[in-house]
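Remarks on the structure that follows.
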Amino acid sequence: MTPRITLRDVASRAAVSPKTVSRVVNGDAHVTPSTRARVQQAITDLGFQPNLLARSLRMGRADVIGLVVESLADPFFARLTSAVEQVAHERGQAVMVSSVGNRAPEREALVVESMLVRQVAGLIVAPMARHHAYLAETLQHTPVVFVDRLPEGVSSDAVLIDDLSAAEVATRHLLEHGHRRVGFLGSELRNPTTRLRLAGYRRAMSEHGLVADDSLVAVGAGSAREATAAAVQLLAGPQPPTAMFSSNMRCSLGLVPLLHSARRTDVAVVSFDDFPMADSLAPAVTVIDHDPEVIGRAAAERLFRRIDDPSAPVETVLVPFRLVPRGSGELRPPVRAVPAHHDHDRLARRREPGMEHDRGEGRASTMASPHVQEEAR
């Protein structure tokens, strides 16, 4: 049996004291860079594995942070998780990940509690619950950073995109290309991002002097299959939209294949979120692009700053977004709209897509929350 490498073995190899090795392993910022490099090289050379359980017992909490997301099957959250894990790895910490499920927001509190009983050092949460008062006491002793959405009922750090402005930009883009009947396709209204994106869509329509038309709005689609069914209804109406704003990737994965299978590529489309093959279609799909890795990294960095300085002021960090014109969002409306009944059968013969999100770039910045902006307006 190979003898276990000990902290003293590392200390001997690096020509430092065991206490110095312990300080490096524990992330002590006061160790000089040259000494830290020498110890880390010795750790690598010897294959030393710190006893994290013993360390957590000495320090009173685990060397683990918790991450609670909606679904790891969602490419957005998969990429966000990867970025969080990378930052945690750089700090010598592990990540415990759990998903709530997009149809079970009531499970959020149970999942969070399961993390807390394991004494995680901090939490990153993509909130789904309608209210977060259950976290009020937790925030007194455990750092929590929210991602993608602001919490309801508590004040805490958050990292998200300005959903309101992004939706306004997407809708305005379609209006500026001559469309007046722009459809909105979204998820459940209990989701605050859906509400904000719908508000941005309506604001852009209002700015162009267009009265809100509920027949152009379809919400409640929690999956690509449901988005397909909702899009069929929108496009088969007596006055169908000539353009569509799809407010998330799941909706886009229902809408875009439907349009192509029905040969309705005359309908202009802007998708909130990019996905593989979006730029390979004809026409390629115009998107609101933002990077889940930027969100994940910014959230993890904010959490570790909060762990290091619990008294730091609460911040809402907004990550950048950009509209990427590729063709579908630049289509002009037809001189005469295509009668809905001509394509009703094709629309009904829909198929389930199987694509994933795989783009995005940018850097995060601290700004006022879009939720607060919307309330003020």
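The values are calculated or read from the model by the stated rules, or taken from the named source; none is laboratory data. This is a predicted model, so every value here is computed, not measured. To get the accessible areas, we keep the full protein, side chains included, count just its heavy atoms, and leave off ligands, DNA and RNA. Shrake-Rupley method; radii C 1.70, N 1.55, O 1.52, S 1.80 Å.
Brief remarks on what is shown
- Amide H contacts for R326 (H built 1.01 Å from N in the peptide plane; partners 5 or more residues away or on another chain; cut-off under 5 Å): T286, V287.
- Looking at segment 190-243, the accessible area is 42 square angstrom per residue; that uses a 1.4 Å probe and ignores ligands, DNA and RNA.
- With protein chains left intact and a 1.4 Å probe, residues in segment 264-329 average 34 Å² of accessible area per residue.
- Whole-angstrom gap from segment 152-226 to segment 85-127, using each part's C-alpha centre: 29
- Karplus-derived HN-Hα couplings along segment 249-257 (A = 6.51, B = -1.76, C = 1.60, θ = phi - 60°), whole Hz, x at Gly and Pro: 5, 4, 5, 5, 6, x, 6, 5, x
- Residues whose amide H falls under 5 Å from that of V319, counting only those 5 or more places apart or on a different chain, are L160, I161, D162, S365, with hydrogens built in the peptide plane.
- Proximity of backbone amide H atoms, modeled 1.01 Å from N, is registered between M244 and G183, A268, V269, V270 at under 5 Å, excluding neighbours fewer than 5 places apart on the same chain.
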